[in-house]
1. What number of residues within the range B:1-27 satisfy the criterion of being part of a helix (DSSP H, G or I) and more than 9 Å from chain A (Cβ to nearest Cβ)?
2. Restricting attention to the range B:65-99, and to residues there that are within 14 Å of chain A (Cβ to nearest Cβ) and part of a loop (DSSP other than H, G, I, E, B), which single residue is farthest from residue A:377 (Cα to Cα)?
3. Looking at A:322, A:300, A:318, can you tell me which residue is touching a helix residue (DSSP H, G or I) at 6+ places or on another chain (Cβ under 6 Å) and surrounded by 20 or more Cβ atoms within 10 Å (Cβ to Cβ)?
4. Just checking, does the range B:67-80 include any residue being surrounded by fewer than 13 Cβ atoms within 10 Å (Cβ to Cβ) and farther than 25 Å from residue A:414 by Cα?
5. Would you call residue A:277 more than 29 Å from residue A:139 (Cα to Cα), in contact (Cβ under 8 Å) with a residue 40 or more places away in the chain and touching a helix residue (DSSP H, G or I) at 6+ places or on another chain (Cβ under 7 Å)?
6. Does residue A:82 meet the test of being farther than 30 Å from residue A:345 by Cα and crowded, with 16+ Cβ neighbours inside 10 Å?
7. Considering only residues that are in a loop (DSSP other than H, G, I, E, B) and buried (at least 23 other Cβ atoms within 10 Å of the Cβ), which ones fall in the range A:218-231?
8. How many residues are within 13 Å of chain A (Cβ to nearest Cβ), in a loop (DSSP other than H, G, I, E, B) and either touching a helix residue (DSSP H, G or I) at 6+ places or on another chain (Cβ under 7 Å) or exposed (fewer than 15 other Cβ atoms within 10 Å of the Cβ) (or both) when one looks only at the range B:31-63?
């Protein structure tokens with residue numbers, strides 16, 4: 001049987017005018033739904049002086065208020081829920097900020113829609129029923145594992161739900177069961193590649209032929225290195241828990257940007273300072289509007305990712321708009337080893353542990369893995385002339401950071417007043433990873 | 001009993017120690033002993049000085065983190081086994097030593113030792129009972 005070129009051809013290759021019409025119809029209904037069922041939205045819209053009847057189609061999208069991460073924190077845990085809780089079947093969650101995580105709710109239809117998006121990404125990467133898909137993204141609250149797992153089921157692939165870690169077992173299953181498609185973070189793909197090479201495997205003896213890698217920034221040179229080591233074609237995938245999870249957009253064989261699943265999501269680019277929509281082709285902040293989601297339908301959600309949209313036709317035949325790989329952030333969020341980290345989280349821990357909030361974060365890259373170092377000033381009242389006592393404080397701080405962030409930095413205590421103060425522009429983050437080309 | 005020890009936190013980088021000794025020299029502080037405990041990132045410099053308060057003030061004024069602690073100091077006969085006997089006593093009485101270092105002395109027949117233990121009171125009474133001489137500020 002010939003391989004499928006698209007998972008849902010009628011949608012993925014729908015003429016642009018028809019997509020716009022579909023989006024307009026869905027938007028009008030979605031706005032009515034949230035205005036009626038989510039008091040928080042109703043208040044936001046009332047404050048902005050917008051009524052559902054003002055929204056006739058996507059040309060009126062700009063009239064709607066933005067939703068930001070702070071709105072999600074404020075409405076935690078149920079304030080953004082748009083259906084009765086009894087209609088929800090699952091939650092997923094982000095890696096969390098200052099103690100309050102974002103919880104996204106899903107109805108069964110929401111999960112189906114999300115898994116369809118992942119199935120489209122898998123077919124676009126050349127997968128089909130006869131493939132064996134190794135999902136080495138984390139499973140659990142993180143959307144990576146569950147999303148690709150569901151998409152792989154929909155395509156009909158044999159799915160290996162490996163989750164992340166335990167590299168030895170990953171390699172055993174990959175080689176014994178002849179996995180052909182690998183889904184994980186790019187840094188883990190690079191690590192698996194190095195481990196396979198050390199064990200004597202070559203691109204010819206590694207069964208993989210494609211990989212779908214996302215959840216963290218990666219460069220063209222990293223893509224090339226992963227492709228050469230594993231003997232595969234590497235595809236990018238993009239998504240965020242707030243909007244659904246991986247598969248909001250995905251790369252096709254042309255690899256000239258990621259197709260946004262426009263039947264489900266409207267992508268906009270705005271000026272991050274003024275909030276004004278920018279024309280296609282201009283660089284700005286990416287904003288998403290969910291058209292079909294029932295439980296957690298965010299409208300005009302500001303991703304803080306800086307991107308460009310490209311509406312020129314793609315030779316793969318898909319008509320959906322392509323977004324560039326994010327080129328940076330319009331806030332101070334860092335993605336470290338696939339986990340979202342905000343400086344404010346680190347400040348909270350430092351204050352809780354009795355340290356001054358004077359710190360510096362250094363991010364680097366060794367063997368395609370992030371290094372994460374936090375330099376903290378030792379306040380006089382924490383000083384002790386016993387190394388053991390200081391080491392205990394250092395360890396307790398390290399444990400608290402790990403528990404807050406989900407990943408553990410190396411902690412270095414430095415002398416007081418050696419880290420630049422905040423009067424001048426304090427350099428809190430030194431990122432030497434060169435993640436953007 | 002005991003003597004005052006000044007401790008200062010220094011980062012493990014070039015010139016840190018020199019800066020400390022330089023500051024003390026300019027303030028005319030006389031050092032009787034110094035001991036450094038180091039890790040890969042930082043070190044703790046412990047000093048016995050002729051004027052602990054002045055030493056601490058000079059260091060703190062220059063932006064360093066420095067504190068003063070009273071540590072146990074004792075004199076043992078300057079002969080083989082002199083220190084071993086004292087440590088044996090402490091161990092058999094359940095006193096754990098955090099750190100220990102030698103102190104310069106002008107006496108020729110005595111070796112002076114500075115020590116921090118997990119139970120100062122007990123350590124001092126054990127040593128005294130065995131006839132080991134404890135030192136105080138007057139000896140410095």
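The values are calculated or read from the model by the stated rules, or taken from the named source; none is laboratory data. Note that the coordinates shown come from a computational prediction; the quantities given were computed from them, not determined experimentally. Cβ sites come from the backbone with ideal geometry, for glycine too, and all protein chains shown count toward neighbours.
1. Restricting attention to the range B:1-27, the residues satisfying the condition of being part of a helix (DSSP H, G or I) are B:16-26.
Imposing the further condition that a residue be more than 9 Å from chain A (Cβ to nearest Cβ) reduces the set to B:17-26.
The number of residues fulfilling the criteria is 10.
2. Taking the range B:65-99 as the starting set, the residues that turn out to be within 14 Å of chain A (Cβ to nearest Cβ) are B:65-72, B:96-99.
With the extra rule that they be part of a loop (DSSP other than H, G, I, E, B), the set shrinks to B:65, B:96.
Details: B:65: 10, B:96: 30 Å.
Among residues in the range B:65-99 that are within 14 Å of chain A (Cβ to nearest Cβ) and part of a loop (DSSP other than H, G, I, E, B), the one farthest from residue A:377 (Cα to Cα) is B:96.
3. Values: A:322 fails: touching a helix residue (DSSP H, G or I) at 6+ places or on another chain (Cβ under 6 Å); A:300 fails: touching a helix residue (DSSP H, G or I) at 6+ places or on another chain (Cβ under 6 Å).
The match here is A:318.
4. Here is the first cut: in the range B:67-80, the ones surrounded by fewer than 13 Cβ atoms within 10 Å (Cβ to Cβ) are B:79-80.
From what is left, the residues that are farther than 25 Å from residue A:414 by Cα are B:79-80.
For the range B:67-80, residues surrounded by fewer than 13 Cβ atoms within 10 Å (Cβ to Cβ) and farther than 25 Å from residue A:414 by Cα: present.
5. On the way: more than 29 Å from residue A:139 (Cα to Cα): yes; in contact (Cβ under 8 Å) with a residue 40 or more places away in the chain: yes; touching a helix residue (DSSP H, G or I) at 6+ places or on another chain (Cβ under 7 Å): yes.
It is true that residue A:277 is more than 29 Å from residue A:139 (Cα to Cα), in contact (Cβ under 8 Å) with a residue 40 or more places away in the chain and touching a helix residue (DSSP H, G or I) at 6+ places or on another chain (Cβ under 7 Å).
6. Values: farther than 30 Å from residue A:345 by Cα: no; crowded, with 16+ Cβ neighbours inside 10 Å: yes.
For residue A:82, the condition - farther than 30 Å from residue A:345 by Cα and crowded, with 16+ Cβ neighbours inside 10 Å - is not met.
7. Quick first cut of the range A:218-231, residues in a loop (DSSP other than H, G, I, E, B) only: A:218-219, A:231.
Scanning the range A:218-231 gives a single hit, A:218.
8. Total meeting the criteria: 4.
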